[in-house]
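Q: My questions all concern the structure below.
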Amino acid sequence: MKQEKAVVVFSGGQDSTTCLFWTLKHFGEVETLTFDYGQRHKLEIECAARIARELGVKNTVLDMSLLNQLAPNALTRGDIEIEEKEGELPSTFVEGRNLLFLSFAGVYAKVAGSRHLVTGVCETDFSGYPDCRDAFVKSLNVTLNLSMDYPFVIHTPLMWLNKAETWKLSDELGAFDFVRTKTLTCYNGIVGDGCGECPACKLRSAGLQNYLLEREGADAR
Ligand SMILES: [Zn+2]
C-alpha cells in the first residue's frame, strides 16, 4: 500500500490520531478530512488542524452543520446535557452520523484520487452506535464501490481493539506521548488528559490506566 494514497477521517481525538499514525506507516501519501458539524468546541477543529500541520499532512474541513438540522444532540447543542443512561444510547449520539461522514469521505477521496479510507470506528467498548459496527462498515464499503464504480477499501484499524489496546497500538507506532498530550477527546474541550470528569475522559483514562498497568507488568517480567 506504500505506493497508494489514503484519506483519514480525522477529528483530532485519540482514536483518529492513532489511525493517522497507522496510515502514515502504511501509505505513501496521506491526507485528513475533518467534519465541522457545530461541535461544542471549535477547539476540536483547531486541534485536528494543529495535529495535521505538525505531522505534515493536508487537512480539509467539510461543513456538516446540516447534521444539527437533522439530529439535535448534546455535542452540537449547548442546551442538551451530556448524559449516559444504562441501556440507552448516550445523548451525544447523532443518528446516522458515521453513515454520512463515511459517505462524504468516499466522495471526497475519489475526487482526491484515493481509494483508501481510514476511520477510527470501533465495536469493542464504545456506546453501541449501529453505524460504527463492522457489518455496517463492510456493507457501506460495497455500497460506495457500487455508487461510484470505484474500488474503495475502508480500513478500520481499531475495530476490535478496546481502549487499552488502542493505547498499545499508539505506543507500537511510536506515538504514545504524542497521542496522550496533543489529542482532544474531552467533551469539555481540554486537550491531553482532559477534565477527567466527562464520559469521554473516563473512558480514555480507564483505558490508559489499564494499558500502563499492563506495560509495567511486561517491563517487570
Ligand atoms: Zn473531559
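Q: Give the distance, in whole Å, between the Cα centre of the stretch 148-216 and the Cα centre of the stretch 33-64.
A: That distance is 17 Å.
Q: Now a separate question. Pairs of Cα atoms under 8 Å, at least six residues apart: use those to get the relative contact order of the stretch 5-220, whole percent.
A: Working: 356 pairs, mean separation 46.3, N = 216.
Reported relative contact order: 21 percent.
Q: Mean-square fluctuation check for the chain, GNM, Cα pairs under 10 Å: which of GLU44, GLU95, GLU172 is largest?
A: Sorting by GNM fluctuation, first place goes to GLU172.
Q: Report the residue, chosen from ASP36, ASP149, ASP193, that carries the largest GNM mean-square fluctuation when the chain is represented by alpha-carbon nodes joined by springs under 10 Å.
A: ASP149
Q: So which DSSP H runs in the chain come out at 30 Å plus along the axis (Cα) with average Kyte-Doolittle of at least 0.0? Mind showing how you got there, number by number?
A: On the way: long enough: 199-220 (32 Å, -0.45).
Within the chain not a single helix satisfies the rule.
Q: With springs only between Cα atoms under 10 Å, which of GLN209, GLN14, GLN69 fluctuates most in a Gaussian network model of the chain?
A: Checking each option, the largest mean-square fluctuation is seen for GLN69.
Q: Additional query: Within the stretch 140-221, report the chymotrypsin sites (Phe, Trp or Tyr not before Pro) that DSSP leaves as loop and that have at most 12 other Cβ atoms within 10 Å. Write out the running numbers ahead of the final one.
A: Values: sites: PHE152, TRP160, TRP167, PHE176, PHE178, TYR187, TYR211; in loops: PHE152, TRP160, TYR187.
Passing both the DSSP loop test and the Cβ count: TRP160.
Q: Explain nothing, just the number: dipole magnitude of the stretch 5-220 about its Cα centre with +1 on each Lys and Arg Cβ and -1 on each Asp and Glu Cβ, in debye rounded to the nearest 20. Don't skip to the end; give the middle numbers.
A: Working: 21 positive and 29 negative charges, 136 e Å.
My answer is approximately 660 debye.
Q: Here is a further query. Could you list which residues have their amide H under 5 Å from that of VAL118, counting only those 5 or more apart in sequence or on another chain, with H placed in the peptide plane?
A: Long-range HN contacts for VAL118: VAL7, VAL8, VAL9, HIS155.
Q: A further question follows. In deg cm²/dmol, rounded to 500, what helix-only [θ] at 222 nm does the chain give when every DSSP H run of at least 4 residues adds -39500 (n - 2.57) and the total is split over its residues? Each step should come with its number before you reach the end.
A: Values: 8 runs with 101 residues, N = 221.
Calculated at 222 nm, the ellipticity per residue is -14500 deg cm²/dmol.
Q: Hey, another quick one. If you take the charge dipole of the stretch 5-220 about its Cα centre, with +1 on Lys and Arg Cβ and -1 on Asp and Glu Cβ, which of MET148, LEU117, VAL8 is farthest toward its positive end?
A: Of the options given, the answer is MET148.
Q: Sticking with this one: Once both labels are modelled 7 Å past Cα along the beta-carbon direction, what's the ASN210-ARG53 spacing in nm?
A: Here the answer is 3.5 nm between the modelled labels.
No value in this document is a laboratory result; all are computed from the given coordinates. Remember, it's a predicted structure, so these values are computed and weren't measured experimentally. Using ideal geometry, Cβ is built from the backbone for each residue, glycine included, and neighbour counts are taken over all protein chains shown.
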